[in-house]
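Novice: Sharing a structure here in structure tokens format.
The values are calculated or read from the model by the stated rules, or taken from the named source; none is laboratory data. Remember, it's a predicted structure, so these values are computed and weren't measured experimentally. We place every Cβ from the backbone using ideal geometry, glycine too, and count neighbours over all the protein chains shown. Remember, those area values only see protein heavy atoms, side chains included, never the ligands or the DNA or RNA. Shrake-Rupley method; radii C 1.70, N 1.55, O 1.52, S 1.80 Å.
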Amino acid sequence: MVKVTVCGAAGGIGQPLSLLLKQSPRISHLSLYDIVNTPGVAADLSHINTQSKVTGHVGNEQLKEAIEGSDVVVIPAGVPRKPGMTRDDLFKINASIVRDLATAAAKYAPKAFMCIISNPVNSTVPIVAEVFKKHGVYDPRRIFGVTTLDIVRASTFIGGLIGAEPSTVACKVVGGHSGHTILPLISQVPGASGKLTPEQIEKVTNRIQFGGDEVVKAKNGAGSATLSMAYAGARFALNLVEAAFFGKSIVECTYVQLDADKQGAQDTKRVIGNELQYFSVPVALGPNGVESILPIGSLSSFEQSLFSKAVAELKGNIAKGTNFVAESKL
Ligand SMILES: NC(=O)c1ccc[n+]([C@@H]2O[C@H](COP(=O)([O-])OP(=O)(O)OC[C@H]3O[C@@H](n4cnc5c(N)ncnc54)[C@H](O)[C@@H]3O)[C@@H](O)[C@H]2O)c1
Ligand SMILES: O=C(O)C[C@H](O)C(=O)O
């Protein structure tokens, strides 16, 4: 029996993500929470002839019943960007939304695997971690920033360039989830660096780093990536379910606290130094969430040059999230 709760389930990501999760035979209860419209979304999805039970919960007074006993909580709640905004500009609104949802999870589902989609991910993941610490239920192996869309974009863009079927192109993307903190390691993609010129590598790296802006611009004020994010979010959540509850060996890059595997993180720290507590790294998923943090691997000199910029930006983003909870009355 696996209960998955989606917080923000009536939104642009929440609805297609819930649709994709409804298709999984691994989920027995899909619980949909939002501050609006979840009864309708739940009624609609519940007519799909897959086995999971779907329940809809709306408003703060129904948050406890939505989240209680969840094995996995996925959070795409909060506002998206408009053209001209950075993800950090969303902090003002989304930080308190994520803090309050994390508080409910810490109280009613303290063992749940937390998958954080709401931006700015670089800061919202530390927010969840600090809330769990304040409630005495923190386990760094169970809190994940969902950076899967960066990996999906990398596969698509690189696959297009080298003429490979995109889903077969596996590119590690490490770092964080905003512009220069997104670090695709193209030099490690079998067959890619030989086929791409340095100029092409630079260009596609930039496209992966700023893929989110491409969608924000095209949507022209109507939000940011929703469908591709739903796809990526479902991939991550379902992989986590497979690894945690059904014994499958799965590696995904995800933004975690490096204490989740102190020994495994040594390799990451050799590359990024000791300043950062959080980084997206290749993670072997298992029954406890993070089973181990795997090596980032060797970097080209171009990739190395991207790291210092990423580290400085991430450091500020992490401190902002951590300080926000320290200053919050919980
Ligand atoms: N991690 C990523 O790669 C990634 C990708 C795309 C978008 N995002 C982020 O995901 C978030 C959601 O994007 P969207 O396009 O779905 O936005 P949206 O506005 O379409 O949907 C957000 C939903 O959150 C709900 N919500 C607001 N406050 C809430 C609360 N307190 N509790 C529960 N639900 C609440 C809203 O009612 C709405 O239904 C944004 O912050 C966006 O930047 C992240
Ligand atoms: O770009 C955004 O604001 C949304 C998301 O983080 C993305 O990468 O598409």
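Novice: Quick one: which residues, 5 or more positions from TYR278 or on another chain, have an amide H under 5 Å from its amide H? H modelled 1.01 Å from N in the peptide plane, none for Pro or chain starts.
Specialist: Placed amide hydrogens put LEU258 under 5 Å from TYR278.
Novice: List, in order, the whole-Hz ³J(HN,Hα) value for each residue of the stretch 308-313 obtained from phi through the Karplus relation with A = 6.51, B = -1.76, C = 1.60 and θ = phi - 60°; use x for Gly and Pro.
Specialist: Each residue's phi maps through the Karplus curve to give 5, 4, 5, 4, 4, 5 Hz.
Novice: How much length is gained if the chain between PHE245 and ILE35 is pulled fully straight, taking 0.36 nm per residue apart and subtracting their Cα-Cα distance, in nm to one decimal?
Specialist: Using 0.36 nm per residue and subtracting the Cα-Cα distance, I get 72.6 nm.
Novice: I've got another one for you. How large is ³J(HN,Hα) for each residue in the stretch 57-74, as worked out from phi by the Karplus curve 6.51 cos²θ - 1.76 cosθ + 1.60 (θ = phi - 60°), to whole Hz, x for Gly and Pro?
Specialist: Rounded to whole hertz, the list is 9, 10, x, 4, 5, 9, 5, 4, 5, 5, 9, 3, x, 5, 8, 9, 10, 10.
Novice: Nothing charged except the Cβ atoms of Lys and Arg (+1) and of Asp and Glu (-1): what's the magnitude of the dipole of the stretch 1-88 about its Cα centre? Round to the nearest 20 debye.
Specialist: Working: 8 positive and 7 negative charges, 56 e Å.
Charge dipole, the stretch 1-88, about its Cα centre: 260 debye, nearest 20.
Novice: Next question, about the same structure. Which one of GLY160, GLN51, VAL204 has its Cα pushed farthest toward the positive end of the charge dipole of the chain, where Lys and Arg give +1 and Asp and Glu give -1 at the Cβ?
Specialist: GLN51
Novice: Explain nothing, just compute: Karplus ³J(HN,Hα) = 6.51 cos²θ - 1.76 cosθ + 1.60, θ = phi - 60°, for every residue of the stretch 233-244 in order, whole Hz, x for Gly and Pro.
Specialist: Along the stretch 233-244, the couplings run x, 5, 4, 5, 4, 6, 5, 5, 4, 4, 6, 6 Hz.
Novice: Still on this structure: Could you give the length gained by full extension between ALA170 and HIS135, i.e. 0.36 nm per residue of separation minus their alpha carbon distance, to one decimal place?
Specialist: 8.8 nm
Novice: Excluding the sites themselves, what is the longest stretch of the chain that contains no GluC sites (Glu not before Pro) in a DSSP loop with at most 12 other C-beta atoms within 10 Å?
Specialist: My reading of the result: 1-274 is the longest stretch.
Novice: Name the residues whose placed amide hydrogens come within less than 5 Å of the amide hydrogen of GLU252, ignoring near sequence neighbours (fewer than 5 apart) on the same chain.
Specialist: Amide H to amide H, under 5 Å and 5 or more residues apart or across chains, GLU252 pairs with VAL283, LEU285.
Novice: Distance check, please: which entries in LYS82/LYS195; LYS203/LYS248; LYS82/LYS315; LYS172/LYS329; LYS22/LYS82; LYS248/LYS329 exceed 31 angstrom between their Cα atoms?
Specialist: Violating the 31 Å limit, Cα to Cα: LYS82/LYS195; LYS203/LYS248; LYS172/LYS329; LYS248/LYS329.
Novice: Using alpha carbons only, what's the Rg to Rh ratio of the stretch 96-242 with Rh from Kirkwood?
Specialist: Reported Rg/Rh, Kirkwood definition of Rh: 1.03.
Novice: I would also like to ask the following. For the stretch 63-134, give the percent of accessible area contributed by carbon and sulfur heavy atoms, probe 1.4 Å, rounded to a whole number.
Specialist: Within the stretch 63-134, the accessible surface is 53 percent carbon and sulfur.
Novice: Which order do the peptides 132-138, 142-148 take when ranked by the mean count of other beta-carbon atoms within 10 Å per residue, highest first?
Specialist: Output ranking for 132-138, 142-148: 142-148, 132-138.
Novice: Where both partners of a DSSP beta bridge lie in the stretch 1-119, what percent of those bridges are antiparallel, to the nearest 5?
Specialist: Just about 0 percent of them are antiparallel.
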